[in-house]
Amino acid sequence: MAFQPIKFYQTGTFTVGNRLLPPETRSVQANMRRTNSLNSGHRACQGCGEALGARYAIDAAMSATANQLVAVNATGCLEVFSTPYPETSWQIPWIHSLFGNAAAVATGVAAALKVKNRKHVRVIAQGGDGGTTDIGFGCLSGMFERNDDVLYVCYDNEAYMNTGVQRSSATPPAARTATTMAVGSEPGNVFGQGKNLPAIAMAHEIPYVATATIADLRDLEYKVKRAMEIRGARYLHIFVSCPLGWGHESELSIRIARLAQETGLFPVFEAKRGEVTGVSKIRRQKPVEDYLRPQKRFAHLFAPSPHVETIAAIQAIADRNIRRYGLLDGAAA
Amino acid sequence: MRKPFAITLDPGSSLANHTGTWRTFRPVYVDRLPPCNSACPAGENVQGWLAHAESGDYEAAWRLLTEDNPMPAVMGRVCYHPCETKCNRGELDDAVGINSVERFLGDEAIRHGWKFDAPAGSSGKRVLIVGAGPSGLSAAYHLARAGHAVAVHEAGPVAGGMMRFGIPKYRLPRAVLEAEIARILALGVELKLNAKVANILDAMKAHSFDAAFLAVGAHIGKRAYIPAGSSSKILDAVSVLRSMEGEAKPMLGRRVVVYGGGNTALDVARTAKRLGATDAIIVYRRTREKMPAHDSELEEALQEGVLVKWLSTIKQAGESSLTVEKMLLDDKGFPQPTGELETLEADSLVLALGQDVDLSLLEGVPGLAIENGVVKVGPNMMTGHAGIFAGGDMVPSERTVTVAVGHGKKAARHIDSWLRGATYAKPAAHAPAGFDRLNTWYYSDAPKTLRPTLDTVRRQSTFEEVTQGLDETNALYEARRCLSCGNCFECDNCYGVCPDNAVVKLGPGRRFEVNYDYCKGCGLCAEECPCGAIDMVAENN
């Protein structure tokens, strides 16, 4: 089952904290003594969804492992903005090697800890969608296949943001990037390509695969905690918005992520051994247009004249997700 | 830099990088005036006491409530709750049932015997209050708490004023009223019954009072000229309702016609039904939309079988019938006669056309101004005569219990200042907390709890209370539906959603502050604040 919201009126059901809840049922982020694994002073843009998602996930993992945690980081925004020499924002044991080998390094760290009989120290590998779905894909698939004791967290902002917003295999159709310009008869990224990495991870039949967004903190924390209770290869795919690369106002980062979930474009679910075991239902369904409009990467769909067919094709993707995962109450799972 | 093996950087060393310099807008915590507080005629801090009730601390809630209004159990029954009309939650699902929570708190206080804190000290000043109605009792309460010696002189045989003689028992059980009055008197307020003040200046002089608050109410039923036969039975509504408090109940007959469109007309018609009338018919000259009575009361009356003849006036009253003329609204919405007549069977006719004030006690008071039958008061509730204040139904205002209670509180503040030779300055109100400032995503859907009502049959035949109260579970649920519009309720959202850890949580009851060394001004905290308690303000440089 997916995370069950607390039925508690005014607060608690959807907010970060709740003064009326007993302390043990409050979120990690509401705690005055949360780890702040990714500390202040980092150089992420204003309103960075990835910085937020990383703190949410790693703080939750620290809480779940009694602070016995090592994180391995792929190259990407998260690494660059958090650790420009001679400073780092990380307040946990953290290692960076190359762009494509985070999963392999994490495998090595886990193996070393096993050899030293320190299996209580847990390992997380993390990276952006570029380091995960493209460059690090081989290492990651190997880590899954060997069922290494690592939680791999992908912060998906749907392009290579660090190097100037180039297309990745996680970039959605019709989105404008530096390499998929909004020109020609079918502007933006093409339809029908790219990788659905949560589905690929599920195809490896690893113990645990889940998706989450920065718009639903309690669900995200639940999934990290759940993942840390399991040994073996686990995969968590977190949808994080990027004000710079997507071209939306910095204060809308969470709203955009919420819209991705509420339109059905980003299905939020968890799966065990390749089978979906729980989905987060859509609470207030919205048309995809609500999600696309505030983002400049989709501006060419609305001006000078609306691309009705393209918008309909994106809506069809959302509708398919809703059908496939049963995202609406009453819809088949 | 000497570091252990394989360690290159100090943890958290990015703190040297003050990202606050990037900021062009800064988040600032604000407090806004919620619509409920703003709408309350008694000036209650509704949101404040709901917050205590939400955490289950009903006594703290009751204590905060009674800072402004000493009679929550009465209010929870008779107030027309403008707070709920204005409640922002009404735009989401239904308004928070503020009135029912207030009643729950009032009933809890009576059940547990909670008492008001004794006055801090004595000022040595004496204040005379004329009239023990809602306004007078409210002023007595606030003045006594401020340390003044208060004497209430009441013309009637019991205290309560219109709460007793105007509001029927099925809306306000007398035990509740008496409990709340007794608690006010327990503060040391002296109550003199059957003590009609003939002349205010003489009365003040005789007992050396330093100030007076007049709240005699409006108890004289207005008359309309209706040609009537000698044997026709015409009564006025105030007298009918007043006689309900005595031994001899009024004789209204089987078919009762009530003339008028205010709440009093409804009260009389509903009372007539309970006294055994087969027909209780209200004759009103305009339409339902124009009726001054509150819709909830009209609805309850209709449920009980009260009939209304809209757009009608009474031309003539005969022995057992009335002549009624149909009216038509003109362009300006005023009723105009059509000349079309009909006959209505009636054993009695009750006039509910409004009330006048008995102003005889003010004769010969210099400086006093009377306009349209009510006393003129300044913004400080003082009449034209220094030291004499007035409030309630005898001054120009909407005539409800809650407005009267509000007058009592306001006058008490000004009297208190006046006695100390100062002027009371009301603190500036916060800007309003509108619905558009809320991020309603964070509030879960929660429909309003309806209060149970008595069976219609019992409502038609007995004077039992029509509307029942909530139990604790319901009241808690209802309190927790409050959105806390415009004021931080410590949901931790700002603390959680800041990508830069720039929001500092200060602990329970102490809210949050922004660390401007690292706040980049992204605006996520303001955007994701459920209740609109954060503003983004442009930086000057």
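Under the Kirkwood approximation for Rh and a Cα-based Rg, what ratio Rg/Rh is obtained for the stretch A:34-325?
Across the stretch A:34-325, the Cα-based Rg/Rh ratio is 0.96.
A simple spin-label model places pseudo-atoms 7 Å from Cα toward Cβ; at A:Lys195 and B:Asp517 they are separated by 4.2 nm.
For peptide A:24-36, the mean count of partner chain Cβ atoms within 10 Å of a residue's Cβ comes to 3. Sequence-ordered 3J(HN,Hα) estimates for the stretch B:265-272 from the Karplus curve with 6.51, -1.76 and 1.60 and θ = phi - 60° stand at 4, 5, 4, 5, 4, 5, 5, 4 Hz, glycine and proline given as x. Loop-located trypsin sites (Lys or Arg not before Pro) in the stretch B:184-283 (DSSP state not H, G, I, E or B) with no more than 16 neighbouring Cβ atoms inside 10 Å: B:Lys196, B:Lys222, B:Arg223, B:Arg254. About its Cα centre, the protein assembly as shown has a charge dipole of approximately 1300 debye under the convention of +1 per Lys or Arg Cβ and -1 per Asp or Glu Cβ, with nothing else charged.
Taking the centroid of alpha carbons for each part, the stretch B:447-475 and the stretch B:104-171 are 27 Å apart.
Counting only chymotrypsin sites (Phe, Trp or Tyr not before Pro) that are in a DSSP loop and have at most 12 other C-beta atoms within 10 Å, tell me the longest site-free stretch of chain B.
Longest gap between qualifying sites, sites excluded: B:226-541.
One chain, two ends: B:Asn540 and B:Thr462. Fully extended at 0.36 nm per residue, the span grows by 21.2 nm beyond their Cα-Cα distance. Amide H to amide H distances under 5 Å link B:Val258 with B:Ile281, B:Ile282, B:Val283, B:Val350, where only residues 5 or more positions off or on other chains count and H is placed in the peptide plane. Distance distribution P(r), chain B, all Cα-Cα pairs, bin width 20 angstrom from 0: 19, 45, 27, 7, 2, 0 percent. Of the trypsin sites (Lys or Arg not before Pro) in the stretch B:82-178, the ones in a loop by DSSP (not H, G, I, E or B) with at most 10 other beta carbons within 10 Å are B:Lys115. Close amide H partners of A:Val72, meaning residues 5 or more places away or on another chain with modelled amide H under 5 Å apart, are A:Ile95, A:Ile124, A:Ala125, A:Gln126. For B:Ala431, the amide hydrogen comes within under 5 Å of the amide hydrogens of B:Leu33, counting only partners 5 or more places away or on other chains and with H modelled in the peptide plane.
Under 29 Å of direct C-alpha separation, and excluding same-chain neighbours fewer than eight residues apart, B:Lys205 reaches these lysines: B:Lys125, B:Lys192, B:Lys196, B:Lys376, B:Lys409, B:Lys410.
Projecting the Cα atoms of B:Leu185, B:Ser230, B:Thr85 onto the dipole axis of chain B, where Lys and Arg carry +1 and Asp and Glu carry -1 at the beta carbon, places B:Leu185 farthest toward the positive end. Whole-Hz Karplus values for the stretch A:183-199 come out as 10, x, 6, 10, x, x, 5, 6, 7, x, 10, x, 10, 9, 5, x, 5 Hz, taken residue by residue from phi with 6.51 cos²θ - 1.76 cosθ + 1.60 and θ = phi - 60°; glycine and proline positions read x.
Each pair of Cα atoms in the protein assembly as shown enters the Kirkwood radius, and Stokes-Einstein at 10 °C and 1.306 mPa s then converts it into a translational diffusion coefficient of 50 µm²/s. Separation of the stretch A:15-46 and the stretch B:188-234, taken as the distance between their Cα centroids, equals 63 angstrom. Shown in residue order for the stretch B:233-248 are the 3J(HN,Hα) couplings computed by the Karplus curve 6.51 cos²θ - 1.76 cosθ + 1.60 at θ = phi - 60°: 9, 10, 10, 10, 4, 4, 5, 4, 5, 5, 5, 5, 7, x, 6, 8 Hz (x for Gly and Pro).
Only helices enter the 222 nm calculation for the protein assembly as shown: every DSSP H run of n ≥ 4 contributes -39,500 (n - 2.57), and dividing by all residues gives -8500 deg cm²/dmol, rounded to 500.
Anisotropy class assigned to the stretch B:221-355 is oblate, per the alpha carbon gyration tensor with a/c at or over the 1.5 cut-off and a/b no larger than b/c. Checking the Cα-Cα distances for B:Lys249/B:Lys273; B:Lys169/B:Lys448; B:Lys115/B:Lys169 against a 22 Å cut-off, the pairs over it are B:Lys169/B:Lys448; B:Lys115/B:Lys169. Reported to the nearest whole Å, the Cα centre-to-centre distance from the stretch B:264-301 to the stretch A:121-152 is 75. Sparse packing (at most 16 other Cβ atoms within 10 Å of the Cβ) combined with a DSSP loop state is found for the following trypsin sites (Lys or Arg not before Pro) in the stretch A:138-207: A:Lys195.
Throughout, read-outs are computed from the coordinates displayed, never taken from laboratory work. No experiment lies behind these values; they were computed from the predicted model shown. Glycine also receives a Cβ, built like all others from the backbone with ideal geometry; neighbour counts cover every protein chain displayed.
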